[in-house]
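The values are calculated or read from the model by the stated rules, or taken from the named source; none is laboratory data. Not measured: the values here are computed from a predicted model. When we count neighbours, we look across all protein chains shown, and the Cβ atoms used for this are built from the backbone with ideal geometry, even at glycine.
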Amino acid sequence: MPGWKPGLRESALFGRDTIHEIQRAAREGIYDIRGFGAKRAVPHFDDLLFLGASMSRYPLEGYRERCDTDVTVGARHAAKPLQLDIPITIAGMSFGALSAPAKEALGRGASEVGTSTTTGDGGMTPEEREHSRMLVYQLLPSRYGMNPDDLRKADAIEIVVGQGAKPGGGGMLLGQKISDRVAEMRDLPKGIDQRSACRHPDWTGPDDLEIKIHELREITDWQKPIFIKVGATRPYFDVALAVKAGADAVVLDGMQGGTAATQEVFIEHVGIPTLAAIRPAVDALQDLGVHREVQLIVSGGIRSGADVAKALALGADAVSIGVAALIALGDNSPELDADYAEIGSAAGFYDDWHEGRDPSGISTQDDELAARFDPELGGRRLANYLRTMVLEAQTLARACGKSHLHNLEPEDLVALTLEASAMARVPLAGTTWVPGA
Amino acid sequence: MDPSRAHPAEPGASGRPPPSGLDAQEIDLAITPLRDLNAALHDVGEDGPRRWRVLNPRGAHALAAGIDAPIEVDVEGHAGYYCAGMNQLATVRVHGNAGVGVAENIMSGSVVVHGNASQSAGATGRGGLVSIRGDASARCGISMKGVDIVVRGSVGHMSAFMAQKGRLVVCGDAGEALGDSNYEARLYVRGAVAGLGADCVEKEMRDEHRTELGELLGLAEVEGCEVSEFRRYGSARRLYNFHVDNAGEY
């Protein structure tokens, strides 16, 4: 610990990060804004373990016996649901927040393994449409770039009510990332701070949303699946209302979900952990008799095949990744440590995605920086990472005797902590006790 | 000008009587499902009927939504939510009142409401013309991105909230918080303004503004209003980039 010597006692209440933040706020007079997701420790999938098969369960042979991974999303009302080969999708990230080559790489990587990618708060670019075999088009409160031509080009539509990093908050793209192209796509002047709305402009509640969804279905001739994305806050009620409004799928984004730019106080203090959100969401679907008919896509802190398998075991149909996908592309790479140091950060810590100075060329609109990023290489890395996660999830599922990832179930899990046990509603390891059950 | 944002070349915004049944394709929603109507309007192609009359709309939602063709549609009665949503090229006339979000996200063409319009008329519209002969409720022109909206009557509170581009003309009065957080939309109001929203200020009417206002009134066939009676409002641009000294405006 630099600067420490015997006799110096650091305050648990006023730690160095806290002192630094107080001094920064006093100096700058504005809250801290950053990208990434929640950095505080909250109960998560690491607090769960799979039991695996033994005397009372029959495992499947690794590498020999099948363990399927496909999932159909959106068949409830849409004529053309998404047929995903793997249950891991790429979350919405805007052109504007990300460079055009980065968006292209997401499309390349996702398409290579048969899954979907998603636009973001800024409209659809030709590059991402061209390179994404399945592209989900977001309808956000800002409606930046929204147009019926792109609606018809999309493979699915995602109505964004909220996101895990900032439930109840609007988007933010600061002036330094508003290039000519971004400004034109969003119908705004170049260089100004863009404060996206937190509420939709033409509907205000679930009854209105039902009519809005009806309009979108009419415009697209009932071809496209329609998702509703919510930040995890009151998942039972939000999911039930989404189903009532007519969603084909619900995207549930926990508080660890990433963001391109949000107030730190929002990221760390609003919403509930992904782990705590899944079971109430599944309850809502089951109570309404639509579990597996209306798909549940869970996001917010998914990093590995273990996370995927655990989310599916708790009842999700698929998961979605954002921050992890950017890391796979090359964000926070140690190879760039010197570049990160130049802008006052370090590999493994960099989260100033809102500033547009990303040396990896991913979260920037600077042409010179963006040109450093190779979309083909990035796409390949993403595909490798997705494949690895699928293999990991299959390994765990086979060990539990499951021939499809969707056959994983809560009964396969135990918890390491009381908090995780209560949230996931699986027994504390070595006991039959579930707090609150 | 981007052709997709152009107003119709012919006086499609006109409130002329609807075309007669002899030369218009009639769809009676008392008999025909809405889905069939919209599917037909989406499939007109180059050889399909150019004029349509919708009978017995009875407040149906998403009427004539998603049209992408230079056709004329007369809705003979009241429309529900999102009538003519995301319109491209078409002229849609509602001979009655329109519900929430009429002509939301309109891209081009024109939408005329002969009665009153509910909330969020012309919301997020990116081109074309929305002409409302009666009053419009709250949030008229919310988040507008290039559309022109002309309201012969008055508009409710929070109109042109977070408006980005385009013009809003109000021949009557405007409710509270007009133009709150407006970016570059130009707002013209003839009557009283109950209050201006954050960062919205009255601005000088110069010749260029008088000219464009006159053109808009002409396009919407507004009579009995003089350009000289209007005042112009727009963004003070104080909130374009955050500054702590302006924090009280947020």
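Here are the numbers for the structure shown:
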| quantity | calculated |
| --- | --- |
| Residue selected from segment B:224-243 under the condition in contact with a helix residue (DSSP H, G or I) (Cβ under 8 Å, 6 or more places away or on another chain) and either over 23 Å from B:G153 (Cα atoms) or in contact (Cβ under 8 Å) with a residue 24 or more places away in the chain (or both), by the criterion farthest from the other protein chains (Cβ to nearest Cβ) | B:C225 |
| Verdict on B:E202 being charged (D, E, K, R), more than 25 Å from B:N87 (Cβ to Cβ) and over 13 Å from the mean Cα position of the chain (by Cα) | yes |
| Check on B:L34, modelled with pLDDT of 50 or more and either within 27 Å of B:G166 (Cβ to Cβ) or loosely packed, with under 14 Cβ neighbours inside 10 Å (or both) | no |
| Residue ID - farthest from A:I267 (Cα to Cα), chosen from residues in segment A:1-40 that are without any contact (Cβ under 8 Å) to a residue 40 or more places away in the chain, surrounded by 12 or more Cβ atoms within 10 Å (Cβ to Cβ) and among the aliphatic types (A, V, I, L, M) | A:I19 |
| Answer from A:G145, A:G122 - the residue that is within 14 Å of another protein chain (Cβ to nearest Cβ), touching a residue at least 60 places away in the same chain (Cβ under 8 Å), under 26 Å from B:G128 (Cβ atoms) and part of a loop (DSSP other than H, G, I, E, B) | A:G122 |
| Residue ID - nearest to A:L173 (Cα to Cα), chosen from residues in segment A:117-134 that are surrounded by fewer than 24 Cβ atoms within 10 Å (Cβ to Cβ) and at pLDDT 95 or above | A:R129 |
| Lone unmet requirement of (1) surrounded by fewer than 24 Cβ atoms within 10 Å (Cβ to Cβ); (2) closer than 22 Å to B:N105 by Cβ; (3) at pLDDT 95 or above for A:R143 | (1) |
| Answer residue from segment A:193-211, given it is in contact with a helix residue (DSSP H, G or I) (Cβ under 6 Å, 6 or more places away or on another chain) and within 10 Å of another protein chain (Cβ to nearest Cβ) and is modelled with the lowest pLDDT among those | A:D193 |
| Residue that is surrounded by fewer than 16 Cβ atoms within 10 Å (Cβ to Cβ) and out of contact with any Pro (no Cβ under 8 Å at 6 or more places or on another chain), where the choices are A:L382, A:L377 | A:L377 |
| Candidate set from segment B:71-104 (those that are of a type in the set (S, T, N, Q) and within 14 Å of chain A (Cβ to nearest Cβ)); member that is surrounded by the most Cβ atoms within 10 Å (Cβ to Cβ) | B:N87 |
| One residue from A:E218, A:E184 being over 26 Å from the mean Cα position of the chain (by Cα), buried (at least 21 other Cβ atoms within 10 Å of the Cβ) and either at negative phi or assigned to a strand (DSSP E or B) (or both) | A:E218 |
| Filter pass, A:V414 being part of a loop (DSSP other than H, G, I, E, B) and farther than 30 Å from A:L326 by Cβ | no |
| Residue match in segment A:192-205 (condition: free of Cβ contacts under 8 Å to residues at least 24 places away in the same chain and in a helix (DSSP H, G or I)) | no |
| Count of residues meeting criterion [touching a strand residue (DSSP E or B) at 6+ places or on another chain (Cβ under 8 Å) and free of Cβ contacts under 8 Å to residues at least 40 places away in the same chain] in segment B:201-223 | 6 |
| Residue match in segment A:179-187 (condition: more than 8 Å from chain B (Cβ to nearest Cβ), in contact (Cβ under 8 Å) with a residue 24 or more places away in the chain and of a type in the set (D, E)) | no |
| Qualifying positions in segment A:315-331 - surrounded by 24 or more Cβ atoms within 10 Å (Cβ to Cβ) and farther than 20 Å from A:L84 by Cα | A:V323, A:L326, A:L329, A:D331 |
| Residue that is nearest to the other protein chains (Cβ to nearest Cβ), among those in segment B:107-151 that are of a type in the set (D, E, K, R), in a loop (DSSP other than H, G, I, E, B) and under 14 Å from B:V169 (Cβ atoms) | B:D135 |
| Qualifying positions in segment A:18-51 - part of a loop (DSSP other than H, G, I, E, B) and closer than 21 Å to A:A318 by Cα | A:G37, A:P43, A:H44 |
| Condition check for B:A65: within 10 Å of chain A (Cβ to nearest Cβ) and free of Cβ contacts under 8 Å to residues at least 12 places away in the same chain | no |
| Subset of segment A:264-302 [in contact with a Ser or Thr (Cβ under 9 Å, 6 or more places away or on another chain) and surrounded by fewer than 24 Cβ atoms within 10 Å (Cβ to Cβ)] | A:F266, A:V270, A:I272 |
